[in-house]
Amino acid sequence: MKTIAISGANGFVGTSLTNFFSSFRYKIVPLSRDILNNKSKLEKVLNSTDIVINLAGANIINRWSESYKKLLYSSRIDTTSKIVNAISSISNKPKLLISTSAVGIYDNKSIYDENGSFSNDFLSNLCQDWEKEALKAKSEATKVAIFRFGIVMGKDGGALQKMITPFKFGLGGTIGSGKQAFSFIHISDLLNAYKFVIENDYDGVFNLTAPTPTTNKGLTFALGKTLKRPTILPVPEFVLKLIFSEGARVLTDGQSAIPKKLLDLGFEFKFKTIEETIENLCS
């Protein structure tokens, strides 16, 4: 039985991964804060671990005060650094570290595969530093895979749960202009992508997004159609800036990414479009 250690195991994706891999008879070890903050405990756990999945990080959709930006940074880079340092210190190293990043690393000027050009804003720089820290774990014994997430769509948590309530009451609408890109992935495809990479021993950078990115307007239309509700109340950009300050850019300034590497390796997506995704999750 293979062992997977997961940081951020209590979040939406972490809980989903725990349940998913447990059903395939993997042993799951959550890397709690207590373990992460104790070097000897962390080394002991990782010394008997085959795969490490690093998901830890404070919620990106929030008001970005200067103190919260520091938390966004430390919760990702410092946690990753602890894992990397522990891996380098032990003799029986995990075979694979899968560390998280986001498609927010790219600029919004085009549709990008994994070789797309990066932006130079806070979110992109955060992702770049996060990836650089994870890649320090790479050695002859340990492979490193970087998963750049789009917006993860699922029934039991994540972005959709937050979006769906106003739509159910007929109060849903586009965010800002609605023209901004919306790269997403169904939780089922995300879970299977982890399994695909782990079981085939792959490494490198992967966009974890559906093959057909959409726009905020496309998302809004799909939600309205499936829920049979009007979508006539747009949320003005200035309102989001009042609520989220600089963090509003996550909602108003999307990136368009495609999962070229997964597709080239033969991974098959079950939910390729936003319409298929919303219909499955909301009907």
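The values are calculated or read from the model by the stated rules, or taken from the named source; none is laboratory data. Everything quoted here is computed from the prediction, not taken from an experiment. FYI the Cβ positions are ideal-geometry reconstructions off the backbone, even for glycines, and counts take in every protein chain you see.
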Contacts under 7 angstrom Cβ, first residue in the range 51-68 being under 18 Å from Ser124 (Cβ atoms), partner among the hydroxyl-bearing types (Ser, Thr, Tyr) and not in a strand (DSSP E or B), 6 or more apart: Gly57/Ser75; Ala58/Ser75; Asn62/Tyr68; Trp64/Ser245
If the Cβ limit is 8 Å and pairs must be 6+ apart or interchain, which residue in the range 109-131 that is under 16 Å from Ala58 (Cα atoms) pairs with which residue that is surrounded by fewer than 15 Cβ atoms within 10 Å (Cβ to Cβ) and modelled with pLDDT of 95 or more? Ser124/Phe118
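On the basis of being surrounded by 23 or more Cβ atoms within 10 Å (Cβ to Cβ), more than 19 Å from the chain's Cα centre (by Cα) and assigned to a helix (DSSP H, G or I), does Ile87 make the cut?
Working: surrounded by 23 or more Cβ atoms within 10 Å (Cβ to Cβ): yes; more than 19 Å from the chain's Cα centre (by Cα): yes; assigned to a helix (DSSP H, G or I): yes.
Judged against the criteria, Ile87 is a match.
Before we move on, is Lys162 modelled with pLDDT of 95 or more, under 17 Å from the mean Cα position of the chain (by Cα) and of a type in the set (Lys, Arg)? I'd like the intermediate steps shown before the answer.
Details: modelled with pLDDT of 95 or more: no; under 17 Å from the mean Cα position of the chain (by Cα): yes; of a type in the set (Lys, Arg): yes.
Here the answer is no, as Lys162 does not meet what is asked.
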Looking at the range 192-220, I want the residues that are without any contact (Cβ under 8 Å) to a residue 40 or more places away in the chain and within 20 Å of Phe21 (Cα to Cα) and have a partner that is part of a helix (DSSP H, G or I) and among the basic types (Lys, Arg) with Cβ atoms under 9 Å, at least 6 apart or on another chain. Which pairs are those? none
For helices (runs of 4 or more DSSP H) lying entirely in the range 1-77, having 1 or more residues that are aromatic (Phe, Trp, Tyr) picks out 12-22, 66-73
Of the residues Val103, Val144, only one is touching a Ser or Thr at 6+ places or on another chain (Cβ under 6 Å) and of a type in the set (Val, Ile, Thr); which? Val103
Among the residues in the range 225-236, are any surrounded by 20 or more Cβ atoms within 10 Å (Cβ to Cβ) and farther than 30 Å from Lys70 by Cα? yes
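Here is a yes/no grid of residues against (1) surrounded by 15 or more Cβ atoms within 10 Å (Cβ to Cβ); (2) of a type in the set (Asp, Glu); (3) at pLDDT 95 or above:
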| site | (1), (2), (3) |
| --- | --- |
| Ser40 | no, no, yes |
| Ile51 | yes, no, yes |
| Gly57 | yes, no, no |
| Thr79 | yes, no, yes |
| Asn92 | no, no, yes |
| Leu96 | yes, no, yes |
| Thr100 | yes, no, yes |
Identify, from the list Leu191, Leu227, the residue that is within 30 Å of Glu268 (Cα to Cα), within 22 Å of the chain's Cα centre (by Cα) and not aromatic (Phe, Trp, Tyr). Leu191
Report, by residue number, each residue of the range 91-144 that is under 16 Å from Ala257 (Cβ atoms) and among the small types (Gly, Ala, Ser). Ser101, Ala102, Gly104, Ser110, Gly116, Ser117, Ser119, Ser124
Count of residues meeting criterion [among the hydrophobic types (A, V, I, L, M, F, W, C) and under 17 Å from Asp203 (Cα atoms)] in the range 119-144: 6
Residue under evaluation Ile278, criteria (1) surrounded by 21 or more Cβ atoms within 10 Å (Cβ to Cβ); (2) closer than 17 Å to Phe149 by Cα; (3) not small (Gly, Ala, Ser), criterion not met: (2)
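If you take just the helices (runs of 4 or more DSSP H) that sit entirely in the range 172-283, which of them hold at least 3 residues that are at pLDDT 95 or above?
Working: elements: 187-199, 216-227, 237-244, 249-252, 260-264, 274-282.
The qualifying helices (runs of 4 or more DSSP H) are 187-199, 260-264, 274-282.
Within the range 53-74, track down each residue that is among the polar types (S, T, N, Q) and under 19 Å from Leu190 (Cα atoms). Reasoning before the result, please.
At the first step, the residues of the range 53-74 found to be among the polar types (S, T, N, Q) are 54, 59, 62, 65, 67, 74.
Answer for the range 53-74, where residues must be among the polar types (S, T, N, Q) and under 19 Å from Leu190 (Cα atoms): Asn54, Asn59.
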Any pair with Cβ under 8 angstrom, 6 or more apart, that starts in the range 78-103 at a residue that is touching a residue at least 12 places away in the same chain (Cβ under 8 Å) and under 11 Å from Thr142 (Cα atoms) and ends at one that is among the polar types (S, T, N, Q) and outside any loop (DSSP other than H, G, I, E, B): Leu97/Asn54; Ile98/Asn54
